[in-house]
Amino acid sequence: MKMNRKIKKALLLGAACGAVLGMGLTFAAASKALDTKEATLAKVQDKLKEENKDLQSKLKQQKAVEAAAVLSKEEPDNWELVLVNNDYPLDKEYQPELAEILEGRSVDARIAEDTKQMLEDAQAGGLKMYVCSAYRSYDDQKTVFNETMQNWVNQGSSLLDAYDETKKSVAIPGYSEHATGLALDITSEDYQELDDKQADTAESKWLAENCYKYGFILRYPPDKADITGIIYEPWHYRYVGKEAAKEMKEKNVTLEEYLGVK
Ligand SMILES: [Zn+2]
């Protein structure tokens, strides 16, 4: 029975090994299951985070839209994020509390300090800033619009063509950010033309790079005209608050994208 004992021994050994191996396999399976569970959990968490982000951005968007609607009546929380564009007009009765930052140039009093600081810092660095436009009332905007349109008519355009052409560079009264008191047109003192070449001036370059530190954004960037509805305006700066300005610069998004309406 020697052989039998040997076989028996081998079988026992095999069984023992099998048990160890089996335990190992069970352990591996359990560990794998745990990993899968963790991965699933992480996925759920990610999804929740994503949903939360969506919710937050929807909330922000809703708040901004509400802000635009009630800006003239009460003090909304998100006043600095108010959206005014071709789709979101501003109540023509809206009248911000103004503060004069330079002779003949006023802004919403709440942004006066940041605006002055930005201009001062630029000037301290040897730059020559020229604020060609700041707050413009509904009536001022109407005047600018009519004058620009008249220029087109004088050059031979039909009324309809003149209107269309004017719309490209001047906001229709009621649809201009300048009426909020949160927008400024800033050029170099040495080059005051409102055209693409403005972007090449040292003043414009400095502003594009540094304005976010003071709560401003370049409102109409060159590659975003299809989103903003306005052509590239290297001179038009809009206050949105420091936190939002920093985020918009980092993500390279417009106010419309930031608020999730485009
Ligand atoms: Zn402007």
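Among the conditions (1) closer than 30 Å to K205 by Cα; (2) more than 16 Å from the ligand (Cβ to nearest atom); (3) aliphatic (A, V, I, L, M); (4) surrounded by fewer than 16 Cβ atoms within 10 Å (Cβ to Cβ), the only one that A112 does not satisfy is (4).
Every residue, every condition in (1) crowded, with 17+ Cβ neighbours inside 10 Å; (2) under 21 Å from the mean Cα position of the chain (by Cα); (3) among the β-branched types (V, I, T), yes or no:
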| position | (1), (2), (3) |
| --- | --- |
| N86 | no, yes, no |
| L102 | no, no, no |
| M149 | yes, no, no |
| Y163 | no, no, no |
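Of the strands (runs of 3 or more DSSP E) lying entirely inside region 170-262, not one carries at least 3 residues that are surrounded by fewer than 21 Cβ atoms within 10 Å (Cβ to Cβ) and more than 15 Å from the ligand (Cβ to nearest atom). For beta carbons closer than 6 Å, sequence separation of 6+ or different chains, a first residue in region 232-257 that is modelled with pLDDT of 95 or more and among the hydroxyl-bearing types (S, T, Y) and a second that is outside any helix (DSSP H, G or I) and away from the ligand (no atom under 16 Å from the Cβ), the qualifying pairs are Y239/G215.
The values are calculated or read from the model by the stated rules, or taken from the named source; none is laboratory data. What you see is a predicted model, and the numbers here were worked out from it, not measured in a lab. Every residue, glycine among them, receives a Cβ derived from its backbone with ideal geometry; neighbour counts consider all protein chains shown.
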